[in-house]
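Student: Below is the structure I would like to discuss, written out as structure tokens.
The values are calculated or read from the model by the stated rules, or taken from the named source; none is laboratory data. Keep in mind it's a predicted model, so treat the numbers as computed, not measured. Cβ sites come from the backbone with ideal geometry, for glycine too, and all protein chains shown count toward neighbours. Surface accessibility is based on the protein's heavy atoms, side chains included, excluding ligands, DNA and RNA. Shrake-Rupley method; radii C 1.70, N 1.55, O 1.52, S 1.80 Å.
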Amino acid sequence: MSYQVNEKGYYGDFGGAYIPEMLYPNVEELRKVYVEITSEDSFKKEFDQLLKEYVGRPTPLYFAKRLSEKYNTKIYLKREDLCHTGAHKVNNTIGQILLAKRLGKNRIIAETGAGQHGVATATVCALMGMQCIVYMGEIDIKRQAPNVARMKMLGAEVRAAKSGSKTLKDATNEAIRDWINNPVDTHYIIGSVVGPHPYPDMVARFQSVISAEIKTQLLEKEGRDYPDHMIACVGGGSNAAGAYYHYLDRPEVNIIAVEAAGKGIHSGESAATSVLGKEGIIHGSKTLLMQSKDGQITEPYSISAGLDYPGVGPMHANLYRSKRAEFISATDDEAMSAGLELCKLEGIIPAIETSHALAALDHRAFSKDDVVVINLSGRGDKDLGNYIEYFNF
Ligand SMILES: *Cc1c(COP(=O)(O)O)cnc(C)c1O
């Protein structure tokens with residue numbers, strides 16, 4: 001059995017393309033060509049070159065000596081925080097903008113919640129000289145002012161979604177509406193391994209550079225190309241999908257996914273989607289989804305804006321249900337103290353999303369000789385305000 005997507009666009013029971021009729025031509029166009037185009041030599045060459053010279057890849061696999069001593073195991077950090085724009089998200093936006101170019105599209109739309117994906121999209125649009133429109137909930141525009149300013153500086157137009165709860169889900173609805181109205185010249189860059197097939201697989205492939213590099217780097221450092229444990233935080237699931245990708249079908253690697261438990265899994269203020277979720281459809285894909293008894297989507301909560309999503313990508317829903325991955329969750333408090341610990345022990349300020357992955361070290365024991373890799377998805381500059389408020393610095 002494989003944990004990769006099948007030819008129908010499913011991971012086990014999850015995935016597919018549940019979309020309105022009017023969106024069908026756009027999604028179908030992508031589905032037909034995404035593997036072919038991204039496998040072309042000229043595509044791979046341009047993608048690899050931009051990842052190297054613009055993003056700064058390969059990112060280091062850093063042996064965290066003091067952290068390892070504290071937890072009495074061998075911990076390596078995959079430094080996605082050192083990517084241009086400060087997180088892994090740019091790996092995907094570079095891939096999708098190159099695809100858009102080959103499809104003859106010159107207008108890009110995106111949705112964003114905290115603004116990180118909006119910034120990564122605005123960045124690559126500036127790089128390629130393409131028009132960029134980012135949909136963002138009206139409330140998020142107020143909460144995430146620095147990222148709104150970044151997008152504007154990069155030349156993007158930020159459009160407010162004023163319906164519903166005025167947050168990510170509403171911004172996504174606006175983006176979908178835009179795409180329906182502009183099917184010919186527009187490509188929609190989705191920011192995680194969510195959405196209708198082929199998006200989850202396409203985004204996972206662009207992010208898979210993370211585990212491709214880890215294989216090479218571990219072979220050099222440990223004499224084998226795999227870790228015993230691969231740990232990542234899961235919002236929609238794209239940094240995790242990239243870190244797991246080349247290990248999904250290798251049972252010797254224990255996969256650990258960390259979700260945001262907010263104020264506690266059963267507190268009513270949480271984003272622990274796999275544990276709390278039931279099968280449902282969100283943004284075009286069948287997955288595990290936090291919802292009420294009558295199927296209304298529940299508003300998620302996490303101190304980390306990037307994990308504050310009511311669903312999870314279909315790859316991860318399948319990893320959960322099939323028990324291929326071990327799912328744990330970290331509360332706001334556990335994540336914040338794990339983040340601060342990394343600052344003190346290693347001199348690295350992580351994004352609050354990433355701090356959830358680090359909290360796994362306190363949740364379970366690892367053996368002395370275990371090789372543990374943690375995907376350090378992003379840096380904490382964007383979160384300084386939150387850290388300051390939380391710790392009273
Ligand atoms: C957006 C973001 C996440 C969560 O998104 P995934 O698709 O689950 O990776 C995690 N870490 C950082 C730093 C982010 O910016």
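Student: Any chance segment 268-285 includes a residue that's buried (at least 24 other Cβ atoms within 10 Å of the Cβ), more than 24 Å from Gln4 (Cα to Cα) and either out of contact with any Asp or Glu (no Cβ under 8 Å at 6 or more places or on another chain) or not assigned by TED's automatic domain parsing to the domain that holds Ile231 (or both)?
Tutor: There is at least one residue in segment 268-285 that is buried (at least 24 other Cβ atoms within 10 Å of the Cβ), more than 24 Å from Gln4 (Cα to Cα) and either out of contact with any Asp or Glu (no Cβ under 8 Å at 6 or more places or on another chain) or not assigned by TED's automatic domain parsing to the domain that holds Ile231 (or both).
Student: Which of the strands (runs of 3 or more DSSP E) contained wholly in segment 63-151 include at least 3 residues that are out of contact with any Leu (no Cβ under 8 Å at 6 or more places or on another chain) and on the phi < 0 side of the Ramachandran plot?
Tutor: 107-112, 131-137
Student: If you don't mind, there's one more thing I want to ask. Can you find a residue in segment 365-386 that is modelled with pLDDT of 95 or more, within 15 Å of the ligand (Cβ to nearest atom), in the same structural domain as Ala243 (by TED's automatic domain parsing) and acidic (Asp, Glu)?
Tutor: Checked against the condition, which is being modelled with pLDDT of 95 or more, within 15 Å of the ligand (Cβ to nearest atom), in the same structural domain as Ala243 (by TED's automatic domain parsing) and acidic (Asp, Glu), segment 365-386 yields no hits at all.
Student: Given the structure, is Ala261 surrounded by 24 or more Cβ atoms within 10 Å (Cβ to Cβ) and within 14 Å of the ligand (Cβ to nearest atom)?
Tutor: no
Student: To continue, here is another question. Give the residue, chosen from Ile108, Ile133, that is at pLDDT 95 or above, surrounded by 24 or more Cβ atoms within 10 Å (Cβ to Cβ) and not small (Gly, Ala, Ser).
Tutor: Checking each option against the conditions leaves just Ile108.
Student: Can you name every residue in segment 140-187 that is under 15 Å from Val119 (Cα atoms) and touching a helix residue (DSSP H, G or I) at 6+ places or on another chain (Cβ under 6 Å)?
Tutor: Ile141, Asn147, Val148, Arg150, Met151, Leu154, Gly155, Ala156, Val158
Student: Which numbered condition in (1) under 13 Å from the mean Cα position of the chain (by Cα); (2) more than 20 Å from Arg31 (Cα to Cα); (3) of a type outside the set (S, T, N, Q); (4) open to solvent by 10 Å² or more (accessible area, probe 1.4 Å) is the only one that Val194 fails?
Tutor: For Val194, the exception is condition (2).
Student: Now for a different question. So which residues in segment 220-247 are under 30 Å from Leu168 (Cα atoms), part of a loop (DSSP other than H, G, I, E, B) and either in contact with a strand residue (DSSP E or B) (Cβ under 7 Å, 6 or more places away or on another chain) or free of Cβ contacts under 8 Å to residues at least 24 places away in the same chain (or both)?
Tutor: Of everything in segment 220-247, just one residue is under 30 Å from Leu168 (Cα atoms), part of a loop (DSSP other than H, G, I, E, B) and either in contact with a strand residue (DSSP E or B) (Cβ under 7 Å, 6 or more places away or on another chain) or free of Cβ contacts under 8 Å to residues at least 24 places away in the same chain (or both), namely Val234.
Student: Does Leu342 satisfy being free of Cβ contacts under 8 Å to residues at least 40 places away in the same chain, within 16 Å of the ligand (Cβ to nearest atom) and either of a type in the set (S, T, N, Q) or surrounded by 12 or more Cβ atoms within 10 Å (Cβ to Cβ) (or both)?
Tutor: No: the conditions fail for Leu342.
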